[in-house]
Amino acid sequence: MMVAPKRRMDSKLQIASIFSGCGGFDFGFQQEGFKSIAAFDNDEDAAETFRHNVDASMEVRDLLDRKSVV
């Protein structure tokens, strides 16, 4: 009989999202026990909604612009 290894309850799997929008992706993962550690979008209105919906940091940045990534 195979027994799945037990995961420590205090150690959450972590995710980061790009092009995060209003946070639906991050919210869904948080509902399943993941911790969102970073999120990026270039739209300030979407970022404001994200911050309302998700307990995670959000940076407004255009990831397609190389100057903003470096």
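Just a few scattered comments:
- Scanning segment 54-67 for residues that are over 16 Å from ILE15 (Cα atoms), open to solvent by less than 70 Å² (accessible area, probe 1.4 Å) and of a type outside the set (Val, Ile, Thr) yields ASP62, LEU63, ASP65.
- Residue list for segment 12-54, filter: in contact with a helix residue (DSSP H, G or I) (Cβ under 7 Å, 6 or more places away or on another chain) and in contact (Cβ under 8 Å) with a residue 24 or more places away in the chain: SER20, GLY21, CYS22, GLY23, PHE27, ASN53, VAL54
- The set of residues in segment 37-46 being open to solvent by less than 60 Å² (accessible area, probe 1.4 Å) and within 15 Å of ALA16 (Cβ to Cβ) consists of ALA38, ALA39, PHE40, ASP41.
The values are calculated or read from the model by the stated rules, or taken from the named source; none is laboratory data. None of the values given here were measured: they were computed from a predicted structure. Don't worry about glycine lacking a Cβ; one is built from the backbone with ideal geometry, like all the others, and counts go over all protein chains shown. Accessible surface is based on the protein model in full, side chains and every heavy atom, while ligands, DNA and RNA are left aside. Shrake-Rupley method; radii C 1.70, N 1.55, O 1.52, S 1.80 Å.
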